[in-house]
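Enquirer: Okay, here's the structure, questions in a sec.
The values are calculated or read from the model by the stated rules, or taken from the named source; none is laboratory data. Note that the structure is a prediction, hence the values are computed from the model and not measured. As a convention, Cβ positions derive from the backbone with ideal geometry for all residues, glycine included, and neighbour counts pool all protein chains shown.
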Amino acid sequence: MIKEMLTKISARSRRLVASKIELKTAGLAVMLALAAGSNPSSATAASAGDTVQGLYDNLLVTMKNGATLGESGRYAELAPVIRRSFDLPVMARLSVGPAWASLTQAQQQQVTEGYGRYVSAIYADRFDSYHGQKLEVTGEEPTAGGLMVRSKIIKADGSPVEVDYMMRQEGGGWLISDIYLDGTISEIATRRSEFAAIVRDQGVDGLIAALNRKADMLTGTTARAD
């Protein structure tokens, strides 16, 4: 009799424990589902267009505060945006061209840093004020060279300028690797011609100095000496 009672109690205990475990598991599943539903962006990878739109959104904010920020202030705001939106190492390498292979690792790093400062300075100089301009991503299109993001910049007078971005996938996101003005003029090709002449006449140190000098002139900032 006692043995039968103990057996029944033991079975009842096992059923209660199992029920509690099932409830906890179900509760955890509900919590995870709610968490996933409350943050849909975590389940959706950013597109190439998102990278360009993020750049444009930051440009517009900087433009609207352009006069208050000044040249150096706009540069300070945009430099981090440029670094996270552009594939600067790839763009620097392609802009230098075949001479890149002969550079030391330290020289490659210096060129990349100078190139990043230069690009940031150009954006800070060109996008200096807001007068109703619009910066719009219009679509994405696969091309022979990769994925192209199409966009238009509507100037203050209403005239459109076509600006397209060649994109490169890096990890879980997309980075800009070249820019095409009016759909045909490659920024990398233009820079390669310019940089080749500097490297030929002044060497790579001359190129590094030229990039930093141009950035300094545009923004009133100074390259950091390591």
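Enquirer: Within region 63-87, work out how many residues are closer than 22 Å to Glu113 by Cα and either among the polar types (S, T, N, Q) or crowded, with 21+ Cβ neighbours inside 10 Å (or both). Explain how you work it out, then say what you get.
Expert: Going residue by residue through region 63-87, those that are closer than 22 Å to Glu113 by Cα are 71-87.
From what's left, either among the polar types (S, T, N, Q) or crowded, with 21+ Cβ neighbours inside 10 Å (or both): 72, 74-75, 78, 82, 85-86.
Looking only at that region, the number is 7.
Enquirer: Right, something else. Would you call Glu22 part of a helix (DSSP H, G or I), in the same structural domain as Ser193 (by TED's automatic domain parsing) and at pLDDT below 95? Steps first, answer last, please.
Expert: Details: part of a helix (DSSP H, G or I): yes; in the same structural domain as Ser193 (by TED's automatic domain parsing): no; at pLDDT below 95: yes.
No.
Enquirer: Now, a different point. Where residues in region 64-96 are assigned to a helix (DSSP H, G or I) and of a type in the set (Asp, Glu), which of them is modelled with the lowest pLDDT?
Expert: At the first step, the residues of region 64-96 found to be assigned to a helix (DSSP H, G or I) are 64, 66-85, 88-96.
Add one more test, that the residue is of a type in the set (Asp, Glu), and what stays is 71, 77.
Values: Glu71: 92, Glu77: 97.
This residue is Glu71.
Enquirer: Turning to a different aspect of this structure: Of all residues being under 20 Å from the mean Cα position of the chain (by Cα) and either among the aromatic types (Phe, Trp, Tyr) or surrounded by 18 or more Cβ atoms within 10 Å (Cβ to Cβ) (or both) in region 95-111, which is farthest from Ile188 (Cα to Cα)? Just the residue, please. Full working, then the answer.
Expert: Let us first name the residues in region 95-111 that are under 20 Å from the mean Cα position of the chain (by Cα), namely 95, 109, 111.
With either among the aromatic types (Phe, Trp, Tyr) or surrounded by 18 or more Cβ atoms within 10 Å (Cβ to Cβ) (or both) added as a condition, the list becomes 95, 111.
Numbers: Ser95: 5, Val111: 14 Å.
Per the criteria, the residue is Val111.
Enquirer: Determine whether Val161 is under 19 Å from Ser102 (Cβ atoms) and touching a residue at least 12 places away in the same chain (Cβ under 8 Å).
Expert: Working: under 19 Å from Ser102 (Cβ atoms): no; touching a residue at least 12 places away in the same chain (Cβ under 8 Å): yes.
Considered against the rule, which asks whether it is under 19 Å from Ser102 (Cβ atoms) and touching a residue at least 12 places away in the same chain (Cβ under 8 Å), Val161 comes out as no.
Enquirer: Among the residues of region 121-166, count how many are assigned to a loop (DSSP other than H, G, I, E, B) and either touching a strand residue (DSSP E or B) at 6+ places or on another chain (Cβ under 7 Å) or within 13 Å of Leu181 (Cα to Cα) (or both). Steps first, please.
Expert: Quick first cut of region 121-166, residues assigned to a loop (DSSP other than H, G, I, E, B) only: 127-133, 144-145, 155-159.
Adding the requirement that they be either touching a strand residue (DSSP E or B) at 6+ places or on another chain (Cβ under 7 Å) or within 13 Å of Leu181 (Cα to Cα) (or both) leaves 133, 145, 155.
Total satisfying the criteria: 3.
Enquirer: Taking region 167-196 only, how many residues are assigned to a strand (DSSP E or B), farther than 14 Å from Gln53 by Cα, touching a residue at least 60 places away in the same chain (Cβ under 8 Å) and not polar (S, T, N, Q)?
Expert: Matching residues across region 167-196 total 3.
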